[in-house]
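Step one of this worksheet: look at the structure below.
The values are calculated or read from the model by the stated rules, or taken from the named source; none is laboratory data. Values in this document were obtained by computation on a predicted structure and should not be read as measured data. As a convention, Cβ positions derive from the backbone with ideal geometry for all residues, glycine included, and neighbour counts pool all protein chains shown.
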């Protein structure tokens, strides 16, 4: 067992931590969450990509989403890493569950076991194709209860160390609560199939169908014989109704909820 020389938090880190957890209480929507993660949070846990999953049943897998400020990571990379059983996230989650302490995946570091975190290496080709570069995974709930969450912070601003791991341990319960509020069905009016038809119009469904096929606003306007501005308004409406951040997430969620046809 190696012993990491880093320990304790500076006064500045303690003050920033209190500010971050206090502001977390105001996080109730995905836009709030994104803004929170890009604010003072970055001074404590600097990153470019966050992948998070929440599950509310022991028998169900985590439902994953992502936020990114990196131009290298998008929907294609996200779909790749969350593949059930064989995806990078599933592999990392399986390893994390064995110890339930922050697990850093960084091929620039030697694998090691420390008091409050671990460092491992992954297949270099897998890491390169994922565009995550490096990452840390941690969770809350340990899958023992009905509600649990897991987060991955990647393209980290600093290398793995005891202080980063300790900060993640301290923030995780508050982050978990924020994720539950954000993903709660009570805050998402389209989360159940009972009211999907009422909230999404026929025209919005058509727009979602073409979004899922990768069409631009201009292409959709030509296909549906409406103006690009009208298409833009429909896109903004479905993003709001589906409670997501962008058109790509709207298309994925629409398919998941059965709003559109998915080509086999």
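Scanning the stretch 147-155 turns up no residue that is farther than 16 Å from residue 64 by Cβ, out of contact with any strand residue (DSSP E or B) (no Cβ under 6 Å at 6 or more places or on another chain) and either touching a residue at least 12 places away in the same chain (Cβ under 8 Å) or assigned by TED's automatic domain parsing to the domain that holds residue 56 (or both).
Residue-level check: of (1) out of contact with any helix residue (DSSP H, G or I) (no Cβ under 9 Å at 6 or more places or on another chain); (2) part of a loop (DSSP other than H, G, I, E, B), residue 84 misses just (1). Restricting attention to the stretch 95-128, which residues are touching a helix residue (DSSP H, G or I) at 6+ places or on another chain (Cβ under 8 Å), closer than 18 Å to residue 167 by Cβ and surrounded by fewer than 17 Cβ atoms within 10 Å (Cβ to Cβ)? Correct list: 101, 115, 116. The single condition among (1) buried (at least 19 other Cβ atoms within 10 Å of the Cβ); (2) modelled with pLDDT of 95 or more that residue 73 does not satisfy is (2).
Listed here are the residues, each with its yes/no results for (1) surrounded by 15 or more Cβ atoms within 10 Å (Cβ to Cβ); (2) in contact with a strand residue (DSSP E or B) (Cβ under 6 Å, 6 or more places away or on another chain); (3) modelled with pLDDT under 95; (4) outside any helix (DSSP H, G or I).
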| position | (1), (2), (3), (4) |
| --- | --- |
| 3 | no, no, yes, yes |
| 8 | no, no, yes, yes |
| 12 | no, no, yes, no |
| 26 | no, no, yes, yes |
| 33 | yes, no, yes, no |
| 47 | yes, yes, no, yes |
| 53 | yes, yes, yes, yes |
| 61 | no, no, yes, yes |
| 66 | yes, yes, yes, yes |
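For the stretch 90-126, what are the residues that are closer than 24 Å to residue 76 by Cβ, without any contact (Cβ under 8 Å) to a residue 24 or more places away in the chain and in a helix (DSSP H, G or I)? Residues satisfying the conditions are 90, 94, 124, 125. Is it fair to say residue 96 is closer than 23 Å to residue 126 by Cβ and modelled with pLDDT of 90 or more? In short, yes.
Listed here are the residues, each with its yes/no results for (1) surrounded by 17 or more Cβ atoms within 10 Å (Cβ to Cβ); (2) within 15 Å of the chain's Cα centre (by Cα); (3) at pLDDT below 95.
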site: 135; (1), (2), (3): yes, yes, no
site: 138; (1), (2), (3): yes, yes, no
site: 162; (1), (2), (3): yes, no, yes
site: 168; (1), (2), (3): yes, no, no
site: 171; (1), (2), (3): yes, no, no
site: 183; (1), (2), (3): yes, yes, yes
site: 193; (1), (2), (3): no, no, yes
